[in-house]
Amino acid sequence: MNGIQMSNRAVFIYQNAFSQTGGIQTFNKYFISALEKIKNTHAGMTAELVGIYDNEKDVKTSLPFQTLGSSKLGAFTHIIKNAKRFDTFIFAHVNLAPLAIALRLLNPKARIIFCTHGIEIWKKLPRATEWIMNRSTVLTVSSFSMDELKKYNPRLKDIRLFPNCIKVKENISELSNPFDPKNFNILSVTRLSKTERLKGIDTVIKALPMIKEKIPNVKYSVIGKGDDVERLKKLADDLSVSEYVNFLGFVDDIDAYYQHSDIFTLPSKKEGFGIVYLEAMQYKKPVIAVNYGGPTDVIVDGETGYLCEYDDAACLAEKIVRLHEDSALSKQIGEAGYVRLIEQFTFEKFTQNLQYVLMGS
């Protein structure tokens, strides 16, 4: 990366990165870290941040930043005041298109970059949003999202694949086991919101009556909080599997859960990518997801994990039982997933991809 001159004056405008948790927030934090790394190795580049919903006390970065106290009006005011200060404006979400339109009117020569993710672009975009994105570079995290965006918005010209990542830990130490070691532990990590019921937690619960017949010591642990927990608990109670399910709520440090789980699954139909799959693969865990959306970029079915159709509890149960009964297969798939992570989804590759974008490559 050294030796390449960059003169970008870039600003990254995002909704939230540090004050909330979730896949997009994690992406934003990695994006900010990548900007820091590029700026530190290219003397001619400056980069700043504008966080619309972040609390100032939560922000952790060496870059100059401004938080706007959740004010959309403040975001517009900031764009108006700073339209000529930067030559590259990076918007973290398609919902920020109105800000980008205002910017285009004030500074027609500015380069605009959009980061896009999943379900928000799997449809025909509003005319004004399509207009500004047709005059922008559009980054999207998976081949599936790229194909959906092109299918519904064929006039968009500059769409680029920009995969997610994690910072792979080196020399991982043995962490204290948070599970009962006598159990066969299945893990999911997600928000449990009524507005996000396509996450597939109910599918795992519906699979448990089949799983427990073959694996009596199974325990399903769900990390995450939200207003859908009571419905899911009732579903488990209705299916007489409550004793096999543990809702853990928010967990500050989830590494030990990944490390000591036997299988990770999130059979969700709304993942634009799914960073949680990478987090499990880092610990060489076999991963089961849905044959739809971003996970199809991450998981090679039968090689680095398994893919089932959405809401197919029988398929999910069969794959889990197979991995339980064949520990050599489970280890093989977990190790293959780790190799795929290292080859394609590291923070170093993410940073390199961002550098190419900022260079106009």
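The values are calculated or read from the model by the stated rules, or taken from the named source; none is laboratory data. Source: prediction; values computed, not measured. Neighbour counts run over all protein chains shown; Cβ positions are idealised from the backbone, glycine included.
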The one condition in (1) crowded, with 16+ Cβ neighbours inside 10 Å; (2) farther than 20 Å from S330 by Cα; (3) in contact (Cβ under 8 Å) with a residue 40 or more places away in the chain that R160 fails to fulfil: (1)
Subset of region 279-316 [surrounded by 24 or more Cβ atoms within 10 Å (Cβ to Cβ) and under 11 Å from the mean Cα position of the chain (by Cα)]: G294, P295
Residue list for region 190-238, filter: polar (S, T, N, Q) and either modelled with pLDDT under 95 or in contact with a strand residue (DSSP E or B) (Cβ under 8 Å, 6 or more places away or on another chain) (or both): T190, S193, T195, N217, S221
Selected residue (criterion: surrounded by the most Cβ atoms within 10 Å (Cβ to Cβ)) from residues of region 231-278 that are farther than 22 Å from A317 by Cβ and either acidic (D, E) or free of Cβ contacts under 8 Å to residues at least 24 places away in the same chain (or both): D255
Condition check for I205: β-branched (V, I, T), in contact (Cβ under 8 Å) with a residue 12 or more places away in the chain, in contact with a helix residue (DSSP H, G or I) (Cβ under 7 Å, 6 or more places away or on another chain) and not assigned by TED's automatic domain parsing to the domain that holds V222: no
Scope region 279-288; condition touching a residue at least 40 places away in the same chain (Cβ under 8 Å) and of a type in the set (A, V, I, L, M, F, W, C); matching residues: A280, M281, V287
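Rundown of residues vs (1) assigned to a loop (DSSP other than H, G, I, E, B); (2) in contact with a Ser or Thr (Cβ under 9 Å, 6 or more places away or on another chain), yes/no style:
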{"site": "V11", "(1), (2)": "no, yes"}
{"site": "F27", "(1), (2)": "no, no"}
{"site": "I32", "(1), (2)": "no, yes"}
{"site": "L35", "(1), (2)": "no, yes"}
{"site": "I38", "(1), (2)": "no, yes"}
{"site": "A43", "(1), (2)": "yes, no"}
{"site": "V50", "(1), (2)": "no, yes"}
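Let's see how each residue does on (1) out of contact with any Leu (no Cβ under 9 Å at 6 or more places or on another chain); (2) in the same structural domain as A17 (by TED's automatic domain parsing); (3) more than 30 Å from G294 (Cβ to Cβ):
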{"position": "L49", "(1), (2), (3)": "no, yes, no"}
{"position": "D58", "(1), (2), (3)": "yes, yes, no"}
{"position": "F76", "(1), (2), (3)": "no, yes, yes"}
{"position": "I80", "(1), (2), (3)": "no, yes, yes"}
{"position": "A92", "(1), (2), (3)": "yes, yes, no"}
{"position": "A97", "(1), (2), (3)": "no, yes, no"}
{"position": "K109", "(1), (2), (3)": "yes, yes, yes"}
{"position": "E120", "(1), (2), (3)": "yes, yes, no"}
{"position": "P126", "(1), (2), (3)": "yes, yes, no"}
Test: residue in region 131-140 that is at pLDDT below 95 and of a type in the set (A, V, I, L, M): no
Test: E170 is surrounded by 15 or more Cβ atoms within 10 Å (Cβ to Cβ), on the phi < 0 side of the Ramachandran plot, of a type in the set (D, E) and under 25 Å from the mean Cα position of the chain (by Cα): no
Any hit, region 323-338, residues being farther than 23 Å from V241 by Cα, modelled with pLDDT under 95, crowded, with 22+ Cβ neighbours inside 10 Å and in contact with an Asp or Glu (Cβ under 8 Å, 6 or more places away or on another chain): no
Filtered residues of region 72-96 (kept if within 27 Å of the chain's Cα centre (by Cα) and of a type in the set (K, R)): K72
Of the criteria (1) assigned to a helix (DSSP H, G or I); (2) out of contact with any Gly (no Cβ under 6 Å at 6 or more places or on another chain), which one L156 fails: (1)
